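Trainee: Attaching a single structure in structure tokens format; questions to follow.
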Amino acid sequence: AEVFRTRRLTKVYDTGKVKVMALRGVDLDLYESEMSVLLGPSGSGKSTLLNILGGLDRPTSGEVWFRDINLATLSDRELTRYRRDKVGFVFQFYNLVASLSARENVALVTDIAANPMPPEEALRLVGLEHRMDHFPAELSGGEQQRVAIARAIAKRPEVLLCDEPTGALDSKTGVQVLSVLDRINAELGTTTVVITHNAAIRLMAHRVIRFHDGQIAAVEVNEARLPPE
Ligand code: ADP
Ligand code: ADP
């Protein structure tokens, strides 16, 4: 089943002086339990699309469906609730609280979620069961990103949206972080969308979506990786 469906989606940033057409009519379907990667040059619209799917931003025109809800029609309050209940975000920078341990950073989220997993379980899923009481400054960049991933999945979101999660990491560490996303996708079945320039994603992703100039230039399906119906 489709989790996301966009039709004729456009986004225009109007900064007063200039208008930037970041998305120019995007029709995209993303399916349950798949991991998709968004590829394309800088400025081609990948982050803009991810932000709209996650309810961080709104389209200028067109439809953006999450299951049977058109996000474009939600009130601000409903969109905030959607983001909080359904979506996990991972960004390039980890935004961990320096004075809290890994476990406590994850607990910040699980304390307020409706149906969370224990912080320990989330940290186990990212391979950090031996680092739960460490503080961010005592962890490597890759480990800090894995704490951020644990925090994102601990509320059991339906979708996990990752904007350049490997952007601040060397390529080998980046592969480890992508492997963690791959494992979460396999173990929890979380529908995942990733923006990354790390080539290892091509072996993991079910669907490769290539952007060019605010439009989808190509979609490749990795048949060998498709989950069973
Ligand atoms: P990337 O190319 O790695 O996706 P950018 O540096 O283009 O990242 O953009 C990072 C963020 O900065 C965007 O998500 C957006 O919110 C903001 N941004 C990008 N371009 C502009 C701009 N021209 N004016 C204002 N904000 C921008
Ligand atoms: P990508 O993620 O592929 O690098 P983005 O979605 O970040 O692309 O950006 C698409 C276009 O929109 C770029 O030209 C960028 O400068 C512009 N842009 C992104 N965010 C903003 C913003 N907040 N204000 C103005 N322009 C923006």
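The values are calculated or read from the model by the stated rules, or taken from the named source; none is laboratory data. Model, not experiment: these values are computed from the prediction. Quick reminder, even Gly has a Cβ in these numbers, built from the backbone with ideal geometry, and neighbours come from all protein chains shown. Areas reflect the complete protein model, heavy atoms only, side chains present, ligands, DNA and RNA absent. Shrake-Rupley method; radii C 1.70, N 1.55, O 1.52, S 1.80 Å.
Trainee: With a/c under 1.5 counting as rounded, go ahead and sort region 100-175 into rounded, prolate or oblate using the C-alpha gyration tensor (a ≥ b ≥ c being the square roots of the eigenvalues; past the cut-off, prolate if a/b is larger than b/c, else oblate).
Mentor: Because a/c hits 1.5 or more and a/b fails to exceed b/c, region 100-175 counts as oblate.
Trainee: Something else: Stokes-Einstein at 20 °C, 1.002 mPa s, Kirkwood radius from Cα pairs: D for region 59-186 in µm² s⁻¹? Intermediate results must be reported in sequence, preceding the final value.
Mentor: Values: Rh = 15.3 Å.
It diffuses with D of about 140 µm²/s by this estimate.
Trainee: Using a Förster distance of 35 Å, how high is the FRET efficiency between residue 2 and residue 134, based on the Cβ-Cβ distance and rounded to 0.05?
Mentor: E(calc), rounded to 0.05, equals 0.30.
Trainee: For the chain, what is the charge dipole size about the Cα centre, in debye to the nearest 20, if Lys and Arg each add +1 at the Cβ and Asp and Glu each add -1 at the Cβ? All intermediate terms of the calculation are to be shown ahead of the outcome.
Mentor: On the way: 28 positive and 30 negative charges, 123 e Å.
Result for the chain is approximately 600 debye, rounded to the nearest 20.
Trainee: Along the Cα-to-C-beta direction of residue 115, a point sits 7 Å from the Cα; which residues of region 154-184 have their amide N less than 14 Å from that point?
Mentor: Backbone N within reach: 154-159.
Trainee: Using Stokes-Einstein with the Kirkwood hydrodynamic radius over Cα pairs, what translational diffusion coefficient do you get for region 142-229 at 25 °C and a viscosity of 0.890 mPa s, in µm²/s rounded to a whole number?
Mentor: On the way: Rh = 13.8 Å.
Estimated via Stokes-Einstein, D reaches 178 µm²/s.
Trainee: Let me ask something additional. Any chance you could list the semi-axes, whole Å, largest first, of the equivalent ellipsoid that the Cα gyration tensor gives for region 16-60, using √(5λ)? Don't skip to the answer; put the middle values down first.
Mentor: Working: eigenvalues 96, 32, 18 Å².
Output for region 16-60: semi-axes of 22, 13, 9 Å.
Trainee: Hey, if we sort 42, 99, 33 by accessible area with the 1.4 Å probe, largest down, what's the order?
Mentor: Greatest to least solvent exposure: 42, 99, 33.
Trainee: Where the eigenvalues come from the Cα gyration tensor of region 107-151, what are the semi-axes √(5λ) of the equivalent ellipsoid, largest first, in whole Å?
Mentor: Square roots of five times the eigenvalues give 19, 10, 9 Å.
Trainee: Cα-based Rg of region 1-127 per 2.2 N^0.38 Å, rounded to two decimals?
Mentor: Expressed relative to 2.2 N^0.38 Å, the Cα Rg reads 1.22.
Trainee: Please give me, ordered by residue number, the GluC sites (Glu not before Pro) of region 107-175 that lie in loop per DSSP and have at most 10 other Cβ atoms within 10 Å.
Mentor: Within region 107-175, no GluC sites (Glu not before Pro) qualify (loop, at most 10 other Cβ atoms within 10 Å).
Trainee: Projected onto the charge dipole of the chain (+1 at Lys/Arg Cβ, -1 at Asp/Glu Cβ, origin at the Cα centre), which of 122, 69, 190 gives the Cα projection farthest towards the positive end?
Mentor: 69
Trainee: Tell me the volume per residue, in Å³, of the convex hull enclosing the alpha carbons of the chain.
Mentor: 134
Trainee: If you don't mind, there's one more thing I want to ask. Rounding to the nearest 20 debye, state how big the charge dipole of region 22-126 is about its Cα centre with +1 on each Lys and Arg Cβ and -1 on each Asp and Glu Cβ.
Mentor: Working: 11 positive and 14 negative charges, 57 e Å.
Taking the Cα centre of region 22-126 as origin, the dipole is about 280 debye.
Trainee: In whole angstrom, how far apart do the alpha carbon centroids of region 1-64 and region 88-144 sit?
Mentor: Distance between centres, Cα-based: 29 Å.
Trainee: Between residue 186 and residue 208, what length in nm is gained on full extension when 0.36 nm per residue of separation is reduced by their alpha carbon distance?
Mentor: 6.2 nm
Trainee: Stretched out fully, how many nm does the piece from residue 220 to residue 69 gain, at 0.36 nm a residue minus the Cα gap?
Mentor: So the extension gain works out to 51.7 nm.
Trainee: What's the FRET efficiency of residue 10 with residue 179 using the Cβ-Cβ distance as r and R₀ = 25 Å, to the nearest 0.05?
Mentor: 0.10
Trainee: With the cut-off at 30 Å, tell me which of the pairs 19/155; 46/172; 17/155; 46/155; 46/86 have Cα atoms farther apart than that.
Mentor: Correct reply: 19/155; 17/155.
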